[in-house]
């Protein structure tokens, strides 16, 4: 009889620990949350009128489809921007990124760095590239390293090649030459 009690108690404890809510199961198996395609060591080129405009290399690239279709880059990625003669204008690197196919907007985050042809380097934690306007912007803190020094600020607006930019709220010391 005592053995039967222990068996019942053990069965009850094991079954109590194996309870999943249906919402938890759906969250894991929901096709909206699973990628429809995964590429490792992915490399894609984006063209316009037969000319290369951008080149994306990513450690992993996942495509999601549903109400909003998007690509998710993880594990590090590089996006190269080319001019009309297919010469490299700028190079963007980050740990993670998301490209929304509907809005044609890419958000890069975690250790974001953008370098232009003059060697000027922008560092921030998040950067947004709007493909339709070919503009780049952020509201995050930025550090820009140029040949003449370092500039700090909050927020930035720039062209795609990062050759014309404006820091929205510059911070730090600014030195002027006396004439």
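The values are calculated or read from the model by the stated rules, or taken from the named source; none is laboratory data. Just so it is clear, the structure is predicted and the values come from calculations on it, not from any experiment. All Cβ positions, even for glycine, are placed from backbone atoms using ideal geometry, and neighbour counts span all protein chains on display.
Taken together, the criteria place residue 131 among residues that are crowded, with 17+ Cβ neighbours inside 10 Å and on the phi < 0 side of the Ramachandran plot.
Among the residues that make up segment 26-36, is at least one of them modelled with pLDDT of 85 or more, assigned to a loop (DSSP other than H, G, I, E, B), out of contact with any helix residue (DSSP H, G or I) (no Cβ under 9 Å at 6 or more places or on another chain) and on the phi > 0 side of the Ramachandran plot? No, segment 26-36 contains no residue that is modelled with pLDDT of 85 or more, assigned to a loop (DSSP other than H, G, I, E, B), out of contact with any helix residue (DSSP H, G or I) (no Cβ under 9 Å at 6 or more places or on another chain) and on the phi > 0 side of the Ramachandran plot.
Which numbered condition in (1) over 16 Å from the mean Cα position of the chain (by Cα); (2) at pLDDT 90 or above; (3) over 19 Å from residue 131 (Cβ atoms) is the only one that residue 62 fails? For residue 62, the exception is condition (1).
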